[in-house]
Amino acid sequence: MVIVMAPEATQGDVDAIVRVVAAAGGEAFVSRGVSRTIVGLVGDIERFSTLNLRSMSGVADVIKVSTAHKLVSRDNHPERSTVRVGGVPIGPDTVTLIAGPCAVETPQQTLEAALMAKSAGATLLRGGAYKPRTSPYAFQGLGEAGLRILADVREETGLPVVTEVVDAHDVELVASYADMLQVGTRNAQNFALLQAVGSVGKPVMLKRGMNATIEEWLMAAEYIAQRGNLDIVLCERGIRTFETATRNTLDVSAVPVAQRLSHLPVIIDPSHSGGRRDLVLPLTRAAVAVGADGVIIDVHPHPEQALCDGPQALVDGDLVELARVMRELPAIVGRTPA
Ligand code: E4P
Ligand code: PEP
């Protein structure tokens, strides 16, 4: 924490701050500039926050330097973390491909999509059994029946399962089938849900809220971490901007920024961000180039019949190029495919 003194602050004002901070068990380091004096505080920041330093005589500003997202912050954990999902790493050494259908529709569609994913090099299977839809009349997912399909397809393909949970009451149920729980953009600040997934003992993929700043995204992750779960992967999936040519605007700069601020792995969803099949491969290349620790991609055997997000699903004809990108680009940025 740093206190910026007003230009007219007196020596007495500075001394008073040093005394108050010392009485609170901290240390104050006074640094005198040409026109301003700055006092750096070392000690228990929570305690300092209760001292009401801002209202003391001569104080112009109080700036919190250490982050509020302590558990996920890189300040306290300089090494970047690797999260293992059913044994598959997501972290700084690898670029992990997670792929599968947007929504689980039938056993056959899910199996076909999983085989497509595997043929492109995916090591994790995605698929939603609970779909957060804009319209209450749109397909909402198969619920537990969908989770059973995912478990069967995992059995058949060997791919661990990543699936979304939309309601805190379903967390235990979804966790009993899933290898990783997904919290989607629409629930990214549903604090009860974040706490519930933080308590259930499974890795969590936390998508960035489409209207969330990076700071808010990390604070959401802190809710999960605070419940004792540090197996969190952050997923940038596009944010709301004025642009209408794409569904959302992929914020590629969020990857290096979040990786600098947090030790957690950061991946990109090029499917939900662009919302268009023709953008998925270019955005996947961008994801690998910018240093993402993985990508999560929709594939569908018959996207024209898809019950959710067909226009963004990759089809058979795209898989050779997807596989090539995931095989060849990681090496250029010093990574290996997972
Ligand atoms: C997909 O996975 C989401 O449920 C989907 O993107 C929701 O969007 P929509 O309901 O507006 O189609
Ligand atoms: C999804 O991945 O199925 C999904 C709903 O994504 P998002 O939360 O990013 O829209």
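Laboratory data are not the source of any read-out in this text; all were calculated from the coordinates shown. Keep in mind it's a predicted model, so treat the numbers as computed, not measured. Methodologically, a virtual Cβ is constructed for each residue, glycine included, from the backbone with ideal geometry; neighbour enumeration extends over all protein chains shown.
In the stretch 52-108, how many residues are without any contact (Cβ under 8 Å) to a residue 24 or more places away in the chain, assigned to a loop (DSSP other than H, G, I, E, B) and not polar (S, T, N, Q)? Even if it seems obvious, please write down each step before you answer.
Just the residues of the stretch 52-108 that are without any contact (Cβ under 8 Å) to a residue 24 or more places away in the chain, to begin with: 52, 54-55, 75-76, 108.
Going one step further and asking which of them are assigned to a loop (DSSP other than H, G, I, E, B), we end up with 52, 75-76.
Pick out the ones that are also not polar (S, T, N, Q) and you get 75.
So the count comes out to 1.
Give the residues of the stretch 1-60 that are buried (at least 18 other Cβ atoms within 10 Å of the Cβ), among the hydrophobic types (A, V, I, L, M, F, W, C) and touching a Phe, Trp or Tyr at 6+ places or on another chain (Cβ under 8 Å), sorted by residue number.
MET1, VAL21, VAL39, LEU41, listed by residue number.
Name the one entry in ALA286, ALA323, ALA254 that is over 17 Å from ARG208 (Cα atoms) and in contact (Cβ under 8 Å) with a residue 40 or more places away in the chain. Full working, then the answer.
Numbers: ALA286 fails: in contact (Cβ under 8 Å) with a residue 40 or more places away in the chain; ALA254 fails: over 17 Å from ARG208 (Cα atoms).
Result: ALA323 is the single residue among ALA286, ALA323, ALA254 that is over 17 Å from ARG208 (Cα atoms) and in contact (Cβ under 8 Å) with a residue 40 or more places away in the chain.
Within the group LEU125, LEU111, which residue is part of a strand (DSSP E or B) and either surrounded by fewer than 19 Cβ atoms within 10 Å (Cβ to Cβ) or of a type outside the set (D, E, K, R) (or both)?
Values: LEU111 fails: part of a strand (DSSP E or B).
Going through LEU125, LEU111 in turn, the sole match is LEU125.
Are any residues in the stretch 140-178 among the charged types (D, E, K, R), under 13 Å from GLY128 (Cα atoms) and in contact with a strand residue (DSSP E or B) (Cβ under 9 Å, 6 or more places away or on another chain), and if so, which ones?
Answer for the stretch 140-178, where residues must be among the charged types (D, E, K, R), under 13 Å from GLY128 (Cα atoms) and in contact with a strand residue (DSSP E or B) (Cβ under 9 Å, 6 or more places away or on another chain): just GLU164.
Only one of these conditions is not met by VAL257: (1) in a strand (DSSP E or B); (2) surrounded by fewer than 24 Cβ atoms within 10 Å (Cβ to Cβ); (3) among the hydrophobic types (A, V, I, L, M, F, W, C). Which number is it?
All conditions pass for VAL257, except number (1).
For residues that are part of a strand (DSSP E or B), within 16 Å of ligand 1 (Cβ to nearest atom) and surrounded by 24 or more Cβ atoms within 10 Å (Cβ to Cβ), tally how many sit in the stretch 233-248. Walk me through how you get there before you give the answer.
Step one: list which residues in the stretch 233-248 are part of a strand (DSSP E or B), which gives 233-236, 239.
Of the ones still in play, those that are also within 16 Å of ligand 1 (Cβ to nearest atom) are 235-236, 239.
With surrounded by 24 or more Cβ atoms within 10 Å (Cβ to Cβ) added as a condition, the list becomes 235-236.
Of the residues in the stretch 233-248, 2 are part of a strand (DSSP E or B), within 16 Å of ligand 1 (Cβ to nearest atom) and surrounded by 24 or more Cβ atoms within 10 Å (Cβ to Cβ).
Hey, could you check the stretch 197-231 for residues that are within 21 Å of VAL174 (Cα to Cα) and among the β-branched types (Val, Ile, Thr) and say which is farthest from ligand 2 (Cβ to nearest atom)?
VAL200
Conditions: (1) closer than 19 Å to ALA221 by Cβ; (2) in contact with a Ser or Thr (Cβ under 6 Å, 6 or more places away or on another chain). ILE267 meets all but one. Number of the miss?
(2) is the only condition that ILE267 fails.
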